[in-house]
Amino acid sequence: MARIAKARAMRKAMSPPEARLWISLRRLREQGFHFRRQHPLLGYYLDFVCLSRGLGVEVDGGSHEGRGEWDRQRDAALARHGLKTLRIPAASVRDHLPEVMAFILRELEVAAPTRPLRGHPPRDGEGE
């Protein structure tokens, strides 16, 4: 339960670039791409993640300076579980949001849909 409380607190304390990107990512629901924010996964908290496409988006600001190796290890751990991580500089979100959103949308469109986390797997051989 502590993970959920921490995620909720992180959602309330988003940086201005994260909040700006979140508003734009929510608009992608109209196209079928559902993002979660500050989502706990494998002991990490992802800024944003679209689980149906296995795509995480991290906004790298001042808090990421000097953490390059830690970020690489984290991205590798997530990749082993089928999640691709996009790292977007906070300055790019601030200064070039339309280009950032176009990049994220291209990545979503080329990503293969993942199997739903809930429900039964599809049955083969049924139907006509």
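Structure summary
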| item | result |
| --- | --- |
| Calculated FRET value between residue 69 and residue 92, using beta carbons and R₀ = 22 Å, to 0.05 | 0.50 |
| For 23, 104, order by how many other beta-carbon atoms lie within 10 Å, fewest first | 23, 104 |
| Simple spin-label estimate for residue 99 and residue 2 in nanometres, 7 Å along Cα-Cβ | 4.2 nm |
| Which of 47, 71, 95 has the fewest Cβ neighbours within 10 Å, and the rest in rising order | 95, 71, 47 |
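Here, each number is a calculation from the coordinates, and none is a lab measurement. All values reported here derive from a predicted model rather than from experimental measurement. For neighbour counting, all protein chains shown are included, and Cβ atoms are generated from backbone atoms with ideal geometry for every residue, glycine included.
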